[in-house]
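**Student:** One structure, pasted below without further comment.
The values are calculated or read from the model by the stated rules, or taken from the named source; none is laboratory data. Predicted model, so just to flag it, every value in this text is computed and none were measured. Here the Cβ positions follow ideal geometry from the backbone for every residue, glycine too, while neighbour counts run over all protein chains shown. The area values use the complete protein model at the heavy-atom level, side chains included, leaving out ligands, DNA and RNA. Shrake-Rupley method; radii C 1.70, N 1.55, O 1.52, S 1.80 Å.
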Amino acid sequence: MREPLVILTKADLLVDDIRHASPSPVDVVTAAAPGVDVLVVSAFDGTGMDVLRALLAGTPPTAFPGTGPGPDPTAPRGRSAVLVGPSGVGKSTLAKALLGEKRLAVGPTRTSDGKGRHTTVRRELIVLPSGGVLIDTPGIRGVGVWDVDQGLDSAFADIAELAADCRFADCEHHTEPGCAVLAAVEDGSLPERRLASYRRLLRENAWLDSRRDARLAAEQRRRWKTIEIENRRRFAGRDRQGRNR
Ligand code: GDP
Ligand code: ZN
């Protein structure tokens with residue numbers, strides 16, 4: 001079961017004007033993602049961290065300070081959670097804060113070639129002292145891989161459902177005829193800003209994918225270069241041996 005939770009990070013940076021604005025940041029997010037719980041946290045001053053810990057541990061507090069229906073009291077204890085979001089939003093800091101004193105293993109996975117190459121994408125489970133498990137993705141290490149495709153589908157279940165009725169299976173809901181998503185915006189059943197935030201996430205995801213692809217390509221080039229140099233050295237050695245003979 002996937003349950004999205006929107007976390008607004010860095011609450012300590014909120015100036016009073018914004019904190020008390022109407023609509024509040026939480027209102028704005030709630031409007032864009034109806035039915036999804038929204039939680040405001042700060043890894044720096046601890047705002048909302050108790051609630052987040054409790055949600056992950058599966059021991060929700062009685063009062064949910066965010067909006068939305070809040071946690072399901074019958075939900076199983078100890079959740080597995082994955083933090084998704086663009087680089088810089090505070091995922092690794094949040095993970096470290098959840099871990100308390102224990103350190104998150106930060107840094108690329110090193111291969112046995114001893115050159116510190118980041119060649120594998122590791123996923124590990126981090127058991128939180130407060131209960132629950134964090135799935136450690138490269139994203140929380142600041143590597144920037146944002147594996148969000150599945151998260152997108154569950155956070156935008158309404159759009160995914162509408163998209164099933166689009167005429168074209170690969171409909172991008174822009175100008176295609178017979179687009180059920182555009183039709184829903186047209187008749188008002190799907191808020192336009194909802195489609196806008198879906199598109200924005202898709203774009204960010206594509207951008208992160210392309211960045212990852214560029215990184216992989218660079219890695220590949222470096223590896224070929226090493227092989228090339230190694231080959232040249234071997235050939236040079238053979239030449240010398242030939243001359244010496
Ligand atoms: P990630 O790329 O999502 O893992 O983001 P990081 O955890 O690396 O954080 C990015 C930047 O935001 C760092 O400079 C952090 O120090 C800062 N940051 C993270 N959490 C907070 C917070 O709660 N409050 C403030 N003021 N800054 C934060
Ligand atoms: Zn469509």
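**Student:** Work out, step by step, the length gained on full extension between ARG199 and LEU99: first 0.36 nm times the residue separation, then minus their alpha carbon distance; give nm to one decimal.
**Tutor:** Details: separation 100, 0.36 × 100 = 36.00 nm, distance 3.31 nm.
Roughly 32.7 nm would be gained on extension.
**Student:** Quick one: length gained pulling ARG215 to GLU192 fully straight, 0.36 nm per residue minus the C-alpha distance? Display every interim value, and only then the final one.
**Tutor:** Details: separation 23, 0.36 × 23 = 8.28 nm, distance 3.47 nm.
Difference between extended and current length: 4.8 nm.
**Student:** Moving on to the next point. Ordered by residue, what ³J(HN,Hα) values in Hz, to whole numbers, does the range 8-20 give under the Karplus form 6.51 cos²θ - 1.76 cosθ + 1.60, where θ = phi - 60° and Gly and Pro are x?
**Tutor:** 3J(HN,Hα) across the range 8-20, in whole Hz: 8, 8, 6, 4, 5, 8, 5, 7, 3, 4, 7, 4, 9.
**Student:** Under 5 Å between amide hydrogens, which residues at least 5 positions from ALA81 or on another chain qualify, with H placed 1.01 Å from N in the peptide plane?
**Tutor:** Amide H neighbours of ALA81: VAL133, LEU134, ILE135.
**Student:** Between ARG223 and ALA160, what is the spin-label point distance in nm, taking each point 7 Å from the Cα along the Cα→C-beta axis?
**Tutor:** 3.2 nm
**Student:** Once the whole set of protein chains is in place, how much accessible area is left on CYS179, using a 1.4 Å probe, in Å² to the nearest 10?
**Tutor:** 10 Å²
**Student:** Using modelled amide H (1.01 Å from N, peptide plane; none on Pro or chain starts), what sits under 5 Å from the amide H of LEU39, excluding residues fewer than 5 places away?
**Tutor:** Correct list: VAL6, ILE7, LEU8.
**Student:** Now a separate question. With all protein chains present and a 1.4 Å probe, how do PHE168, PHE235, PHE44, PHE156 order by accessible area, largest first? Don't skip to the end; give the middle numbers.
**Tutor:** Values: PHE168 85, PHE235 110, PHE44 165, PHE156 10 Å².
Of PHE168, PHE235, PHE44, PHE156, the descending order of accessible area is PHE44, PHE235, PHE168, PHE156.
**Student:** Separate question: Top to bottom by accessible area (1.4 Å), largest first, where do SER87, SER130, SER22 land?
**Tutor:** On the way: SER87 70, SER130 45, SER22 110 Å².
The most accessible residue leads, giving SER22, SER87, SER130.
**Student:** Roughly how many Å² of ILE18 are accessible to a 1.4 Å probe, to the nearest 10?
**Tutor:** In the full protein context, ILE18 sits at about 80 Å².
**Student:** If I model a spin label at ILE18 and ASP170 as a point 7 Å from the Cα along the Cα→Cβ vector, what separation in nanometres do I get?
**Tutor:** 4.0 nm
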